[in-house]
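Enquirer: One structure follows; several queries about it will come next.
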Amino acid sequence: MARVQVAPLADIPNEVGLRLEIGEHRIAMFRVGDGIYAIGDRCSHAEASLAEGEVLDGEVECPRHGAAFSLADGDALTLPATVAVPVYKVDVEDDVVYLTIDEES
C-alpha cells in the first residue's frame, strides 16, 4: 500500500471529476459537498473516463453509455455496466487530500 499526496482540498472542484494517473492506476476523484471520493476512472462497460461523467446524488454517470456508478463503493448501479469499479481510500489532513493505493491491484 502506498499513501500519495494528491492536492490541497481547495484545488478539488465541487461536483466535477478530476482525473488522476498514479503509477498504473487511473483514478476519478470527486468532491461532493464535504465528501471526497476516488474510484477507478474506467467505466467497467466501455472504458470511458468516469471523471468526465455527470455527478448527481452520490453517483457518476458514464459519459459514453449512461451507466451509473456509486461514488461511495464503486458499484455499478445501472445497465449497461454490471461490474463495479475500484474504490480508493481518501483522507484529508490539514486541508490536504491523500489517497491510499493498493499497489498490487
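Coordinate-derived values only; no laboratory data. The structure presented is a predicted model; accordingly, all values stated were derived computationally and were not measured. When we count neighbours, we look across all protein chains shown, and the Cβ atoms used for this are built from the backbone with ideal geometry, even at glycine.
Enquirer: Distance between the C-alpha centers of segment 66-83 and segment 1-51? Whole Å please.
Expert: The distance from the Cα centre of segment 66-83 to that of segment 1-51 comes to 15 Å.
Enquirer: Find which of Val96, Phe30, Ser49 sits farthest along the positive direction of the dipole of the chain, computed with +1 on the beta-carbon of Lys and Arg, -1 on that of Asp and Glu, about the Cα centre.
Expert: Ser49
Enquirer: DSSP beta bridges in the chain, what fraction antiparallel, as a percent rounded to 5?
Expert: Around 95 percent antiparallel, to the nearest 5.
Enquirer: A further question on this structure: Can you compute the charge dipole magnitude of the chain about its Cα centre, using +1 on each Lys and Arg Cβ and -1 on each Asp and Glu Cβ, nothing else charged? Give it in debye, rounded to the nearest 20.
Expert: Computed about the Cα centre, the dipole is about 260 debye.
Enquirer: Give me the one-decimal nm value for the distance between modelled label points at Leu77 and Ser49, 7 Å along each residue's Cα-to-Cβ direction.
Expert: 2.2 nm
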